[in-house]
Amino acid sequence: MSGATPVELPWLDEPRFRCFGCSPRNRIGLALEMFRLDDGRLATDITFSDDYASYPGVVHGGIVSVLVDELMGDLIALDRGLLAFSVTLRTKFLRPLRTGTPYRAVARISREGSGVVHAEADVLDLDGTPHVMANSAYQPISSEQAEGHMGLVGADRERLAHYFDHAIG
């Protein structure tokens, strides 16, 4: 693919990692493969199967929200070296996404401060027509939250410690 560099997500080898958005080990997930565009944005190409439909031939909006949230969250993890929870997610559906139709989703960090990182994502058809516009705010995950919410303790927590306890702004 011209103008694109594949991105290896460093957490894919984690034994407990089964992310619905990007893990290849989640048999019902999206198994997104990311790549970096020349302008620095993170992107993924996807064609949804009928397994992700709401109405016949139309991709369920919740699945589309997973797509943009995953892409923005992974961008923050890769570019800022931190794992974060989305605290807001606004998704504007301009036109329905169709099953069996290829799309490209792209994400960029828009700003950061006051303890959060803000990101934006778009889902475009192959002609570049926007179908979805999204933005979100992400709050870094603390070690305490990693232990309490994700059950990361002992060796698991230590191995991933560099992703936690970051301050923004």
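Here are some notes:
- Placing a label point 7 Å from the Cα of ALA155 along the Cα-to-Cβ direction, the residues of the range 3-45 whose backbone N falls under 19 Å from that point are 11-18.
- Accessible area of the range 31-169 belonging to carbon and sulfur atoms, whole % at 1.4 Å probe: 49
- Helix axis angle, 61-80 relative to the chain longest principal axis, alpha carbon, degrees: 50
- Computed per residue of the chain from DSSP H runs no shorter than four, each worth -39500 (n - 2.57), the mean residue ellipticity at 222 nm is -6500 deg cm²/dmol.
- Dipole-positive endmost among ILE109, THR47, PHE164 within the chain (Cβ charges, Cα centre): THR47
- If the Kirkwood radius is taken over C-alpha pairs of the range 29-169, then at 37 °C and 0.692 mPa s the Stokes-Einstein diffusion coefficient equals 206 µm²/s.
- For the range 1-64 versus the range 136-169, the spacing of their alpha-carbon centroids is 23 Å.
- VAL87 accessible area, 1.4 Å probe, all protein chains in place, Å² to nearest 10: 80
- Residue order for SER143, SER114 - accessible surface, 1.4 angstrom probe, largest first: SER114, SER143
- Each residue of the range 138-147 was assigned a 3J(HN,Hα) from its phi angle through the Karplus expression (A = 6.51, B = -1.76, C = 1.60, θ = phi - 60°), giving 10, 10, x, 8, 8, 4, 4, 5, 4, 6 Hz with x at Gly and Pro.
The values are calculated or read from the model by the stated rules, or taken from the named source; none is laboratory data. Just so you know, these numbers come straight off a predicted model, no measurement behind them. Glycine also receives a Cβ, built like all others from the backbone with ideal geometry; neighbour counts cover every protein chain displayed. Accessible surface is based on the protein model in full, side chains and every heavy atom, while ligands, DNA and RNA are left aside. Shrake-Rupley method; radii C 1.70, N 1.55, O 1.52, S 1.80 Å.
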